[in-house]
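The values are calculated or read from the model by the stated rules, or taken from the named source; none is laboratory data. Keep in mind that this is a model prediction, so the values were computed, not measured. All Cβ positions, even for glycine, are placed from backbone atoms using ideal geometry, and neighbour counts span all protein chains on display.
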Amino acid sequence: MNIGNIHDCYGCGVCATVCGKKIIHIRLNKDGFYEPYIDELDKCTDCGLCMDACSYSQEGLSLKEPSIRSYAAWSKDTAVRRKCSSGGVGFELGRTLINQGFKVCGVRYNAEKNLAEHYIATTVEELIQSIGSKYIQSYTVDGFKAVNRKEKYLITGTPCQIDSFRRYIRRFNVEDNFILMDFFCHGVPSKLMWDKYIKEVEKKTGKVTYVSWRNKFTGWHDSWAMSIDGEKTGEKVNWHDSYNLLIKEKKGFFNSRLSQGDMFYRLFLSDACLGKACYETCKFKYDKSSADIRIGDLWGKTYKDNEDGVSAAIAFTEKGNELLKECNCELVEHPFEVVAEGQMKGHPKQGHLYKKITKALKEDKDINQMYSCVQAYKKKEIWKRRLLNPIQSIKNILKKI
């Protein structure tokens, strides 16, 4: 048995990593999501390693009987906290482990290839590339294949990537060499949508050279913002402060916020262009994880007045809990319900827009035309509901007068 018949899966790429014959390749499918392909099936020995490591094809989680400790957390270094998407805990964990001789397999944005990719950081300077959220599916294969199982690593990724990776290292009895970290995941949008978005942005910026999905220019709670630099901005890069944080001085850049109608975030958060596995087989929401540590934004009432950024940090293993205590962070323990407030408790629903957006992504339309179609569809549905329920519609109108 092999992975050849698996389609519309998590796209974690661990099957390609574990394959001794190197015949499994990860490519984008017609909907814009990564999935495995076997190009030379006659070379397959049916060893079963790819299926052993595949979270998508197996029930349950690879981490059994987690011991949950949950914290509000933020870096004690104000420069780190300012630069990161929330409280900077992910960066601090990576920095702590690098200083202990670990390597970090994290995610960076490759502007030349227009994709997010896993890579290996061996120094704090190299780790800086992983700062910030990346709201697109990452290509894992090159990064995962570069991992030496005999060395010590922090591996970061989506919950499905991490669940498969734990199955992989358990199969080779090397779990003790690894610390695994995931995050509260909303789902991954189609690469087709991201390509259309970038194509539209480059009309204003020229070739994109840098992307920051989340920034706190207007505060943490309004940080659903996209900062994109291109060749037309005349930017220059300086290394600044003792922690080597990358600070860019810009004459101009493209900055777009969800609160001002950014199309990428609107489409992504509408749950209408995610991978099929995100809707149908996600088993990693809320308190379900195979990582040692899960991080995210600590939304909710407790820190609603904080605009500097607060991380949710959950330890699922004692190893993860000890690491949290070692890193350069303030930790305030709370019940899990407080730390996870505002996070999704179940997988997203496809909704009526899913088929329309999926179809539009494959057509020769730019993102503005696609978004207009979606808006027109929404208006049509609103009027349909009003016709079906005229009394409620009148009540709503009277409320606004």
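Taking the stated definitions as given, is residue 154 over 16 Å from residue 55 (Cα atoms), crowded, with 22+ Cβ neighbours inside 10 Å, touching a residue at least 60 places away in the same chain (Cβ under 8 Å) and not small (Gly, Ala, Ser)? Before the answer, list the steps.
Values: over 16 Å from residue 55 (Cα atoms): yes; crowded, with 22+ Cβ neighbours inside 10 Å: yes; touching a residue at least 60 places away in the same chain (Cβ under 8 Å): yes; not small (Gly, Ala, Ser): yes.
So residue 154 fits the description; yes.
Take segment 105-162 and flag every residue that is of a type in the set (A, V, I, L, M, F, W, C) and either in a helix (DSSP H, G or I) or not assigned by TED's automatic domain parsing to the domain that holds residue 220 (or both). Result: 124, 127, 128, 141, 144, 160, 162. Any residue in segment 161-182 that's without any contact (Cβ under 8 Å) to a residue 60 or more places away in the chain: show its pairings with residues that are acidic (Asp, Glu) at Cβ separation under 8 Å, as long as the two are six or more apart or on different chains. Qualifying pairs under 8 Å: 169/175; 177/151. Mind listing just one residue for me: the one in segment 270-289 that is among the small types (Gly, Ala, Ser) and not in a helix (DSSP H, G or I) and, of those, surrounded by the fewest Cβ atoms within 10 Å (Cβ to Cβ)? Per the stated criteria, the residue is 270. Of the set (1) modelled with pLDDT of 90 or more; (2) surrounded by 16 or more Cβ atoms within 10 Å (Cβ to Cβ), all apply to residue 371 but (1).
Answer yes if at least one residue in segment 36-51 is touching an Asp or Glu at 6+ places or on another chain (Cβ under 6 Å) and at negative phi, and no otherwise.
no
Residues in segment 40-91 that are of a type in the set (Val, Ile, Thr) and in the same structural domain as residue 23 (by TED's automatic domain parsing): 45 only. Suppose the filter is in the same structural domain as residue 130 (by TED's automatic domain parsing), touching a helix residue (DSSP H, G or I) at 6+ places or on another chain (Cβ under 9 Å) and part of a strand (DSSP E or B); does residue 193 pass it? So residue 193 does not fit the description; no.
Being assigned to a helix (DSSP H, G or I) and either within 19 Å of residue 131 (Cα to Cα) or under 22 Å from the mean Cα position of the chain (by Cα) (or both) is the filter here; which residues of segment 290-322 pass it?
320
All of (1) surrounded by 15 or more Cβ atoms within 10 Å (Cβ to Cβ); (2) polar (S, T, N, Q); (3) assigned by TED's automatic domain parsing to the domain that holds residue 297; (4) out of contact with any Cys (no Cβ under 7 Å at 6 or more places or on another chain) hold for residue 96 with one exception: (4). Of note, residue 309 satisfies the criterion of being crowded, with 24+ Cβ neighbours inside 10 Å and farther than 21 Å from residue 35 by Cα.
Of all residue pairs spaced 6 or more apart or on separate chains, those with beta-carbon atoms under 7 Å, a first member in segment 267-286 that is more than 21 Å from residue 28 (Cβ to Cβ) and a second member that is charged (D, E, K, R) and assigned to a loop (DSSP other than H, G, I, E, B) are 285/345; 286/345. Screening residue 111 on (1) at pLDDT below 95; (2) out of contact with any strand residue (DSSP E or B) (no Cβ under 8 Å at 6 or more places or on another chain) shows it passes everything except condition (2). For segment 99-118, taking the residues that are in contact with a Ser or Thr (Cβ under 8 Å, 6 or more places away or on another chain) and basic (Lys, Arg), the one that is surrounded by the fewest Cβ atoms within 10 Å (Cβ to Cβ) is identified as 108. Among the residues of segment 92-128, which ones are under 25 Å from residue 25 (Cβ atoms), under 19 Å from the mean Cα position of the chain (by Cα) and not aliphatic (A, V, I, L, M)? Within segment 92-128, 105, 106, 108, 109, 110, 113, 114, 117, 118, 119 meet the criteria.
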